[in-house]
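Down below is the structure, laid out as structure tokens.
The values are calculated or read from the model by the stated rules, or taken from the named source; none is laboratory data. Not measured: the values here are computed from a predicted model. For neighbour counting, all protein chains shown are included, and Cβ atoms are generated from backbone atoms with ideal geometry for every residue, glycine included.
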Amino acid sequence: MSERKNLGNAMTKNSLFYNNRTMTSLRKYVGKQLVSFLRKDNFAHAGESEAIDLVMSAYNNHRFEHLLDVGCGLGGTAQYIKDKGWSKTISGFDVDSEAIDYATSTYKDLNFTCCDVFNVSNNISTSFDMFCLFNVFYAFSDQKKALHELSLIARKGAQLAIFDYSDPCEGKHTPLKRDGKDGRTPFIPVKLDTIETMLSDTAWRPIEIVDISDQYTHWYSQLCTLLIENKSNVIDRFNEEAFDNALSTYSKLTDAIQKKLLGGTIVYAEKR
């Protein structure tokens, strides 16, 4: 594939640190269910199908041979990619066994595996020419190790697209950052001033970094509105604590994005 533009500048007791307060993690199964319930499809990532279209538009309708959805959650993204015809075969993996059970039973034509990104090469024998990561990279405690592990099952020239939160704070980290060493889910947004080196060190060639912070502001504001409008339905289906935790989490993420303590990005790279 030709090179694109040059580089530019579920509810659990886990929590995100933000201004000395906590936000409940929505990465677990029930949290994913709550978000997908709001979005009326099995997407747990920002932007839903609009985000997938945005990421995949960079490939000009190229059809891949084997695509891997990294951190596939409930499987909705993988199914959407299948429906669009962007790859001949599609697989996904996630560390959440309940999410994988759901994806396997719901999307029977796709291949799903329950495993951790840090040992994916020991669990999946296929080699891939496309890797998608939708709002999952931030949750890897060792991002460099994760990229290396993915490179082991990547064909030469394989494409990598990381859609995630970005850390716009040059020379320091956003106050939302949490390394996960205390046992809680990590929250490590893509560090824009180090991601190129990290990719290069793990056999990936950086191609392009796209700032989508404005889209993230819109998507998260929209999600908060949707949550408030569906308060009674969310409480009926889950409970009031789940609603309160979700609203608190997404309100704080939205506020952080608006204050430019957090952003959104798509990072494109190619396997060397």
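Residue selection: Leu7 satisfies the criterion of being at pLDDT below 90, of a type in the set (A, V, I, L, M), touching a strand residue (DSSP E or B) at 6+ places or on another chain (Cβ under 9 Å) and farther than 30 Å from Ser251 by Cβ. Applying the condition of being surrounded by fewer than 23 Cβ atoms within 10 Å (Cβ to Cβ) and of a type in the set (A, V, I, L, M) to segment 107-128 and asking which residue is farthest from Asp182 (Cα to Cα) yields Leu110. Only a single item in (1) part of a helix (DSSP H, G or I); (2) over 19 Å from the mean Cα position of the chain (by Cα) is not met by Ala103, and it is number (2).
Of all the criteria given as (1) under 18 Å from the mean Cα position of the chain (by Cα); (2) among the aliphatic types (A, V, I, L, M); (3) assigned to a helix (DSSP H, G or I), the one not satisfied by Ile209 is (3). Checked across segment 159-181, the condition of being of a type outside the set (S, T, N, Q), touching a Gly at 6+ places or on another chain (Cβ under 7 Å), surrounded by fewer than 20 Cβ atoms within 10 Å (Cβ to Cβ) and in a strand (DSSP E or B) holds for no residue. Selection of segment 221-254 for residues being among the hydroxyl-bearing types (Ser, Thr, Tyr) and under 11 Å from Leu34 (Cβ atoms) yields Thr249, Tyr250. Could you tell me which residue of segment 68-103 is surrounded by the fewest Cβ atoms within 10 Å (Cβ to Cβ), considering only residues that are within 18 Å of Ser127 (Cβ to Cβ) and of a type in the set (S, T, N, Q)? Here the residue is Thr89. Looking only at segment 129-138, which residues are surrounded by 22 or more Cβ atoms within 10 Å (Cβ to Cβ) and not in a loop (DSSP other than H, G, I, E, B)? Of everything in segment 129-138, those that are surrounded by 22 or more Cβ atoms within 10 Å (Cβ to Cβ) and not in a loop (DSSP other than H, G, I, E, B) turn out to be Met130, Phe131, Cys132, Leu133, Phe134, Phe137, Tyr138. Looking only at residues of segment 44-84 that are outside any helix (DSSP H, G or I) and among the acidic types (Asp, Glu), we find that the one that is nearest to Ala158 (Cα to Cα) is Glu65.
Note on segment 14-43: among residues that are modelled with pLDDT of 85 or more and in a loop (DSSP other than H, G, I, E, B), the one that is nearest to Lys181 (Cα to Cα) is Phe43.
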